[in-house]
1. Are there chymotrypsin sites (Phe, Trp or Tyr not before Pro) in segment 156-212 that DSSP marks as loop and that have at most 13 other Cβ atoms within 10 Å, and which are they?
2. Quick one: grab the alpha carbon gyration tensor of segment 192-304, order the square roots of its eigenvalues as a ≥ b ≥ c, and give me rounded if a/c is under 1.5, else prolate or oblate depending on whether a/b is larger than b/c.
3. Work out how much length Asp337 to Trp131 would gain on full extension: take 0.36 nm times their residue separation and subtract the Cα-Cα distance, in nm to one decimal.
4. Relative contact order (percent) for the chain, with alpha-carbon contacts under 8 angstrom and 6 or more residues of separation?
5. Starting from the 7 Å offset along Cα-to-Cβ, what nm value, one decimal, do you get for the label separation of Glu189 and Tyr71?
6. Could you tally the net charge around Pro317, taking each other residue with its Cβ under 12 Å from the Cβ of Pro317, Lys/Arg +1 and Asp/Glu -1?
7. Specify whether the C-alpha gyration tensor of segment 71-138 places it in the rounded, prolate or oblate class, a ≥ b ≥ c being the square roots of the eigenvalues: rounded for a/c under 1.5, otherwise prolate if a/b is larger than b/c and oblate if not.
8. Kindly identify the chain as rounded, prolate or oblate by the Cα gyration tensor criterion: order the square roots of the eigenvalues as a ≥ b ≥ c, call it rounded if a/c is under 1.5, otherwise compare a/b with b/c, prolate if a/b is larger, else oblate.
Amino acid sequence: MRITNVRAVQPIGPGSPPDWRTSLGQILVAVDTDRGLTGYGVGGGGAAGVHVVRTVLRDVVLGRSPEPVEYLWQSMYHATLPFGQKGLAIMAQSGVDLALWDLRGKAAGLPVVEILGGRGGASVPVYVTVWDGVTPEQASAHRAFKLHVEQPAGRDAADGVAAAVTQARRAVGDDALLMVDAWMRWDVETTLAVAERIAPFGIEWIEEPLPPDDLAGYARLAEECPLPIAGGEHEFTAAGFAPLIEGRLHQVLQPDVSWCGGLTELLKIYAAAQRAGLRVCPHRGAEIWALHAVAALDDQPLAESGRPWMTWIGGQPAISEGSIKVPEAPGLGVHFDEDALPGVTDPAAWQAK
């Protein structure tokens, strides 16, 4: 089997937020073969990511067998090394890598979860991410929650976060899991003050309290913070995760498989974290792209709810009663109506080199 084409486009569906997720948002990659099989993957980088796929990555894999996925990953990485290593080039490569894994499963007639040693149809618990407080409907449908908190760094942050956590704990009860996501807004002193206030509420972790490159700050938190620290959503490749793992700067690692280099890199990150005794909880882990790995590799799996506006992905399983089932179809279990992708105003561009 040989690769005959690599195609990429940026679907923008109804409800997509008007921010960087649109301008540098998710891209769909298709890898076609001479046996009529097509693999699909979602990466990142928006229009720039599409350009990288069409002008660099396509030329690397065209005409090759899709089977040596890990070797092809290295070839693509080397091709983008002068301008890649992190950021949108790796996000674009993630989509190609996931499409190759989809092909690997389809060629074998197996769901990817079984290639990784897991079981198709397995059920994985899900935590739902909320922005404006937990609604009664959410509280009744889920048993794990993550709060996005909007408080900026400063002395008032602890009061604001404590108030939000108090409301959430009251809504979800004492037994539900509860996490907090600061989305890189704080400094060390703010994080420590917040942690002291909310520790009595049984918080599982504080996510991304500092900017990703503040490794010295995260080293302090690893020593001084009474709550576990999570992060890695905005890190790239197993090499990029190595300092976080070796320094034990995060107790919970959160790679995004559609950004960090694809499933090939996610597997390396899982292996390194498990050797170090650290937990992996991928960003958007309930989305189909990471779900296979979460189900196969984690003895305490927990998947984050995905983006509700990405409805153009066919085959994404629904969350039901706080859990989600891994597909049993060959490959990743996705399918697409290529003629009806939202926001694609030029269908010819989807087919073009």
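Just so you know, all these numbers are worked out from the coordinates, no wet-lab data involved. This is a predicted model, so every value here is computed, not measured. Heads up, the Cβs are rebuilt from the backbone with ideal geometry, glycines too, and the neighbour counts pull from every protein chain shown.
1. Answer in residue order: Trp183.
2. Prolate.
3. Gain on extension, Asp337 to Trp131, equals 71.0 nm.
4. That works out to 21 percent.
5. Inter-label distance under the simple model: 5.6 nm.
6. Summing Lys and Arg as +1 and Asp and Glu as -1 gives -1.
7. In terms of gyration-tensor shape, oblate.
8. Note, shape of the chain comes out prolate.
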